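What follows is a single structure, written as structure tokens, with notes after it.
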């Protein structure tokens, strides 16, 4: 019988990091300038008193170790997008199309592999990623427009694969809700991965779709230790709340999977069996796990997080990560990027398979029906695409530091072909894909079709 490994206590919370996964706006790989902090003796935050012998003077009654004025506020930019569907041909991912209504994620997970994507916006993968959120206000309208195109064929579609679609700002903007409404209207099968309990809000749409084999939800459950979760995922739902979400979804008849990802050696890896056991008891029917990935700027950010919160294990954790990645911090190759390589990686996979099989979570991937896709007769190509972002977002309260930015002109105008075609008309039979089903979300198999070259964008992560 495998003995439980005790969890080593975490280091005390460092001032200025409350509620955030990182404390600094680290430079990104496209940065042209280098900036260095300098203390001129006047203090780093206007309105705070000079630090005493024990550090900053607290202005937070709830947590005397943190100066409230030093905490950055979340800024949400409302921006119409040009497109909303992202396609991939990665052989180790089980879906073809994904939708991400937000760029950046307020959950602030310190390990998030999507952090480097903020560099494309000339923003920091560090603090900016979790405090500078871009909301694609016309996502639902663009999705409707894409579904109405004559050549569109239903593909395996995943919601929230880069950033969490149910992150805190979704409670007010309801962009994900609008996307799910369109998916339900067109009977398009989809899967969603989230660590938020807000997904329960959309049960009135997800549950009927699940009954028709059109929806599945995966809850990301990284740890059962609430103290560790607060440091790893500072603004995500607590582990106990996520287990409750699994239970409620399962009770509503929705197929629920659990994602024990990422698996980090000597941090949450000792909990692997306990997490799967708790998820199975809550009602999960499937499970998958992905090894820790540290692309681009994420590697130094995560190293810094380890030094702040688990300095006694930081070197040991990174040494094991490098053992799994061929001596590097990250290995982006298809076939190994999700699982790692070497004896330690093989051991973690064996442990996962044994525990998942024990609870009936292995080999139970949900098969979903793609042949149910249809276009409603009353579908409109332009509805909501160029609308004022404030129309559907509801009232925005200024204390949440929302800002609005109108960049670009939204989506391009309809082509002549689109103007001449009735929105509800049937798609030509020769353009339709034969009905099939798909499994979600990941596979560990290497490419088998002999392709030698792959898009660089797909290799990035």
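With respect to residue 284, determine if the residue is at negative phi and crowded, with 23+ Cβ neighbours inside 10 Å. The answer is yes for residue 284. Of all the criteria given as (1) modelled with pLDDT under 60; (2) in contact with a strand residue (DSSP E or B) (Cβ under 9 Å, 6 or more places away or on another chain); (3) part of a helix (DSSP H, G or I), the one not satisfied by residue 69 is (2).
Restricting attention to region 321-348, the residues being assigned to a helix (DSSP H, G or I) and either out of contact with any strand residue (DSSP E or B) (no Cβ under 9 Å at 6 or more places or on another chain) or free of Cβ contacts under 8 Å to residues at least 24 places away in the same chain (or both) number 7. Of all the residues in region 224-282, those that are over 27 Å from residue 211 (Cβ atoms), in contact with a helix residue (DSSP H, G or I) (Cβ under 8 Å, 6 or more places away or on another chain) and outside any loop (DSSP other than H, G, I, E, B) number 10. The residue of region 301-320 that is farthest from residue 229 (Cα to Cα), among those that are without any contact (Cβ under 8 Å) to a residue 60 or more places away in the chain and surrounded by 15 or more Cβ atoms within 10 Å (Cβ to Cβ), is 320.
In region 187-213, which residue that is part of a loop (DSSP other than H, G, I, E, B) and in contact with a strand residue (DSSP E or B) (Cβ under 8 Å, 6 or more places away or on another chain) is farthest from residue 98 (Cα to Cα)? The extreme case among them is 212. So for region 127-141 (the condition being at pLDDT 95 or above, part of a helix (DSSP H, G or I) and over 18 Å from the mean Cα position of the chain (by Cα)), does at least one residue qualify? Checked region 127-141: at least one residue is at pLDDT 95 or above, part of a helix (DSSP H, G or I) and over 18 Å from the mean Cα position of the chain (by Cα). Being buried (at least 23 other Cβ atoms within 10 Å of the Cβ) and free of Cβ contacts under 8 Å to residues at least 60 places away in the same chain holds for only one residue in 249, 298, and it is 249. Looking only at residues of region 81-91 that are surrounded by fewer than 19 Cβ atoms within 10 Å (Cβ to Cβ) and assigned to a loop (DSSP other than H, G, I, E, B), we find that the one that is nearest to the chain's Cα centre (by Cα) is 88.
The values are calculated or read from the model by the stated rules, or taken from the named source; none is laboratory data. All figures in this text were calculated on a predicted structure; none of them were measured in a lab. Using ideal geometry, Cβ is built from the backbone for each residue, glycine included, and neighbour counts are taken over all protein chains shown.
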